[in-house]
Amino acid sequence: MKKRKLLLFPLALSLALTIGCSSGEGGGEEIKVPTTPLESWQSFTLVRPDSAGDATVQAAVDLKKSIAQITGSELTLTTDWVKRGEEPPAGTAEILVGATNRPESDIDLAYLDYTVAYTGGRVVINGGSGSAVASAAAWFAENCLSEGQISVPAEPYTYIADYPLREATLAGTPLSEYVVVYDITDSSQVTMAGEMALWLAERTGTYNEPSSKDADHAIRFNSSEENSMMDVSVTLSDGDILLNVSPSGAPISSAISLFYERVEAVGGSSVDTLGEPVSAAGENYLMATAEDIAAWRKLTDERIAAIKSTPNMEIPAKATVYYVSPNGSDTNNGKSPETPWKTLDKVNTIPTSTNANIYVCFERGGVWRGQIQAKAGVTYTAYGEGDKPVLLGSPENGADASKWSKTDAEGIWKYATKFDLDVGVVVFNEGEAHGIKAILRTVDGVQTNSTRKVPFNDYHDLEIDLEFYVQDGYVYLVSEENPGERFDSIEFSLRQNGFAVKGNGVTVDNFVIKYVASHGVGAGTVKNLTVQNCEFYWIGGGIQYIRDGNTVRYGNGVEIYGGCDNYNVLDCYFYQIYDAAITHQYSLTDEQIEKGADGPLYDMKNVTYRGNVTEYCNYSIEYFLGKVPEENPSRMENVLIEDNYMWYAGMGLCEQRPDGGSGAHIKGWHHTNRATGFVIKDNLMIDSEAHLLHIFSNRLNPDGSDSMPSMENNIYAGRLGGSLGYFGQSQSEQVLYNLSAEEYLDGKSSGEKFYFIDIEKTPTE
């Protein structure tokens with residue numbers, strides 16, 4: 001099947017078209033537009049809508065900068081807000097950018113159309129969409145700004161785009177009237193619906209907001225038993241367009257591609273059928289055998305065993321060394337295995353500097369509860385023999401029947417300890433079972449348990465076995481009997497980092513980190529951080545923030561949030577992580593975005609993730625550098641993701657996430673993600689409840705090269721008919737690929753191997 005791309009109009013293309021047309025169709029010959037000087041232009045104010053999309057806001061900001069750079073004078077930028085009951089001011093000297101509440105902005109424009117005019121004492125710059133407003137502002141800057149002067153078109157200038165499907169009619173209904181309807185519980189459908197709405201708007205001239213509710217004329221994603229395994233079809237039924245796939249076959253993206261292809265073939269015609277089903281199966285896939293899966297599992301299990309048995313590191317002769325043992329004492333000097341310290345409180349008092357060469361060695365077989373505040377220049381590692389030292393974020397074992405009491409609700413128990421920090425996960429019998437946390441969210445004015453999507457007020461509304469809720473610091477849990485009698489161990493993960501990295505030059509080596517509700521190892525902007533030979537279990541789930549009634553939860557196995565240089569995660573095992581096993585990430589704030597080129601740099605340089613194993617993590621590896629303005633040079637540089645074994649993304653602990661369907665082994669989101677020297681090679685990625693990849697960038701490098709990673713010799717094994725995922729340098733190029741896509745990665749790969757696996761043959765937890 002031919003791949004279809006979701007085409008948008010980049011700003012440069014918009015400029016090329018608009019300069020050449022006035023009050024006509026797109027693509028005409030260049031026409032000189034007469035302009036007249038704008039009198040007293042220095043007294044004008046730039047005005048944008050108080051409520052506007054990102055594209056319109058950015059267009060207004062960019063125009064303000066252009067006016068300052070070209071004319072030499074700055075104008076004030078404000079919003080159109082007025083007090084309740086007041087009318088917008090009349091006759092004021094304003095340059096209106098976008099659909100403001102001024103009457104002059106009230107113009108009916110199709111999606112890509114725009115106008116620039118001077119009327120009623122105001123300059124009007126408006127378009128049928130945010131991207132059209134950006135094109136209008138760019139046209140104004142190109143044609144109406146000069147040194148020391150702003151001019152305006154002598155007559156209103158209007159650009160009218162060419163909409164090839166404006167007249168298309170399907171089953172008697174104009175294509176422009178169809179609304180894409182999605183299942184709000186499926187995040188992939190939400191994303192695809194938004195992309196389809198843009199695709200339709202650019203071809204019909206009408207943008208219809210996708211909806212989770214019914215519509216008179218809908219485009220629906222449809223699972224159809226009538227489709228054979230890998231067949232897709234597009235049908236017209238009772239005024240709706242159905243994109244059909246088999247429940248266990250081809251991904252819905254294949255039906256979307258077929259829809260684009262068939263509708264483009266219709267052109268401006270009227271049709272009552274969109275053709276016969278086609279096969280979505282390509283030529284470049286293999287069916288994984290039981291022997292294949294067994295061989296991959298054997299390699300993985302051998303590596304996990306090797307990680308669990310890594311030896312003690314060698315310590316330089318001139319280093320300062322402290323020892324910590326459960327049998328020690330904080331009154332000891334800590335400078336020998338015979339005089340060790342005992343507690344984390346003592347460890348956290350170590351004074352350090354960026355030039356420190358300090359090693360803190362924890363005795364193997366020991367267990368500590370709490371947090372280690374990792375200081376600059378300190379290496380935290382193991383000594384002795386036996387199992388790795390264990391760091392538990394859980395403050396106590398709750399398997400004590402005397403600490404659980406019945407509540408006034410049948411089958412609901414209250415734990416006696418009041419926790420100062422939020423409890424993210426409750427883990428029973430070392431992971432034999434785990435609790436399902438009730439998380440609050442306001443939906444249409446109703447307080448809801450967003451985990452199960454049912455109305456919820458307090459612990460009385462808990463229903464299913466091992467569901468829990470944290471209320472006023474106390475844990476309320478559903479259990480058929482006293483939990484302290486039912487289980488041998490009950491651990492409460494608290495919202496804090498296991499290792500809270502406080503400076504540069506930190507190494508964490510040979511630890512087991514469990515039951516932490518934020519991050520196993522967490523850092524901000526940092527240099528020279530290495531995490532190696534460690535094991536991470538049951539990480540995340542604590543509440544990060546509540547915004548607009550929506551609750552977001554932590555956390556990651558190892559995270560840097562900010563810039564970094566020489567950041568390494570090597571030979572570690574990650575099991576049951578609520579969010580990402582490994583990540584480097586940052587998204588600029590609105591204040592930083594406003595500063596543009598003068599804003600801070602958040603370079604992410606010399607990053608290596610190698611030799612790790614991840615299982616049951618929502619994202620095996622996540623990265624993003626978001627909201628970076630074009631003129632800000634922040635970038636990722638020399639990132640290597642190599643030789644990692646990744647299994648079961650989006651499964652296990654993270655299945656209770658309210659945004660189910662977002663799991664991926666490598667997750668780059670839809671961020672700017674400018675990058676050079678980014679390589680992903682020799683990895684094994686097996687099974688995901690959503691996609692295997694979500695890799696994206698919309699920033700080119702200064703030399704014009706793209707920011708996408710090269711993909712080399714990776715093995716992908718996804719569900720039969722499932723999605724490989726997203727891969728694209730820009731929104732216009734990003735496509736949801738099925739596993740058999742012949743045009744996979746647009747030549748950005750070599751030696752890749754793709755397999756389908758029978759989902760019934762893979763375990764889940």
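Values in this text are rule-based calculations from the coordinates and carry no lab data. Remember, it's a predicted structure, so these values are computed and weren't measured experimentally. Cβ coordinates were reconstructed from backbone atoms using ideal geometry, including for glycine residues, and neighbour counts include every protein chain displayed.
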For GLU142 and LYS65, calculate 0.36 nm times their separation in residues minus their Cα-Cα distance, and state this gained length in nm to one decimal.
26.4 nm
Whole-Å semi-axes of the ellipsoid equivalent to the range 507-761 (Cα gyration tensor, √5λ, descending):
25, 23, 18
FRET E, pair ASN482, LYS308, Förster distance 45 Å, beta-carbon r, rounded to 0.05
0.85
Using DSSP H assignments, which helices in the chain have an axial alpha-carbon span of 18 Å or above and a mean Kyte-Doolittle hydropathy of -1.0 or higher?
54-71, 130-144, 187-204, 252-266, 290-308
Pairs LYS403/LYS453; LYS65/LYS605; LYS437/LYS502; LYS437/LYS514; LYS388/LYS605; LYS342/LYS403: which are spaced more than 21 Å apart, C-alpha to C-alpha?
LYS403/LYS453; LYS65/LYS605; LYS437/LYS502; LYS388/LYS605; LYS342/LYS403
How much length is gained on full extension from SER237 to PHE419, taking 0.36 nm per residue of separation minus their Cα-Cα distance?
59.9 nm
Let me check against my output: what whole-number percent is the relative contact order of the chain, with C-alpha pairs under 8 Å and at least 6 apart?
8
With the cut-off at 1.5 for a/c, could you classify the range 135-186 from its C-alpha gyration tensor as rounded, prolate or oblate?
oblate
Please report how far the C-alpha centroid of the range 667-714 lies from that of the range 69-143, rounded to the nearest whole angstrom.
38
For the range 169-279, shape from the Cα gyration tensor axes a ≥ b ≥ c, cut at a/c of 1.5 then a/b versus b/c, turns out oblate
Bins of 5 Å from zero: percent of alpha-carbon pairs in the range 107-198
3, 12, 16, 16, 14, 11, 10, 8, 6, 3, 1, 0
Only bridges with both residues in the chain count here: give the DSSP antiparallel percent, nearest 5.
30
Roughly how big is the chain's charge dipole about its Cα centre, with Cβ charges of +1 (Lys, Arg) and -1 (Asp, Glu), in debye to the nearest 20?
2320
Diffusion coefficient in µm²/s returned for the range 401-492 by Stokes-Einstein, Kirkwood Rh over C-alpha pairs, 37 °C and 0.692 mPa s, is 245
Per DSSP helix of 4 or more residues, -39500 (n - 2.57); summed, then divided by the residues of the chain. What does that give at 222 nm, rounded to the nearest 500?
-4500 deg cm²/dmol
Once the dipole of the chain is set up from charges on Cβ (+1 Lys and Arg, -1 Asp and Glu), the residue from the list ILE757, THR614, TYR648 lying farthest towards its positive end is THR614
Give me Rg over Rh for the range 647-725, both radii from the alpha carbons and Rh done the Kirkwood way, two decimal places.
1.03
Which value does Rg/Rh take for the range 258-381 over its C-alpha atoms, Rh per Kirkwood?
1.46
Pick out, from VAL232, LEU494, LEU529, the residue whose Cα sits farthest towards the positive end of the charge dipole of the chain, with +1 on the Cβ of Lys and Arg and -1 on the Cβ of Asp and Glu.
LEU529
Top positive-direction residue, dipole computed over the range 401-492 with Cβ charges, set VAL426, SER405, GLN471:
GLN471
Packing-based ranking, highest mean first, of 343-352, 589-598, 381-390 given that Cβ atoms within 10 Å are counted
381-390, 343-352, 589-598
Largest-first principal axis extents, alpha carbons of the range 11-160, Å
46, 33, 25
Any idea how far apart THR442 and ALA294 come out in nm if each label point goes 7 Å out from Cα toward Cβ?
5.7
Could you tell me the distance between the Cα centroids of the range 459-486 and the range 494-524, to the nearest Å?
28
Based on the mean of other Cβ atoms within 10 Å per residue, sort peptides 667-678, 409-420 so the most packed one is first.
667-678, 409-420
Any chance you could tell me what percent of the C-alpha pair distances in the range 575-649 go past 16 Å?
56
Taking Cα pairs under 8 Å and at least six residues apart, what relative contact order does the range 471-601 come out at, in percent?
21
For semi-axes √(5λ) of the Cα gyration tensor in Å, the choices are [x] 50, 32, 27; [y] 62, 33, 24; [z] 47, 29, 22; which was calculated from the structure?
[x]
Provide the FRET efficiency to the nearest 0.05 for the LYS406-GLU39 pair, computing r from the beta carbons and using R0 = 60 Å.
0.15
Suppose every K and R has +1 on its Cβ and every D and E has -1 on its Cβ; what is the size of the dipole of the range 169-279 about the Cα centre, in Debye to the nearest 20?
200
Assigned charges on the beta-carbon of Lys, Arg, Asp, Glu; the range 11-160 dipole about Cα centre (debye)
300
For the HIS460, ARG547 Cβ pair and Förster radius 35 Å, calculated FRET efficiency rounded to 0.05 is 0.85
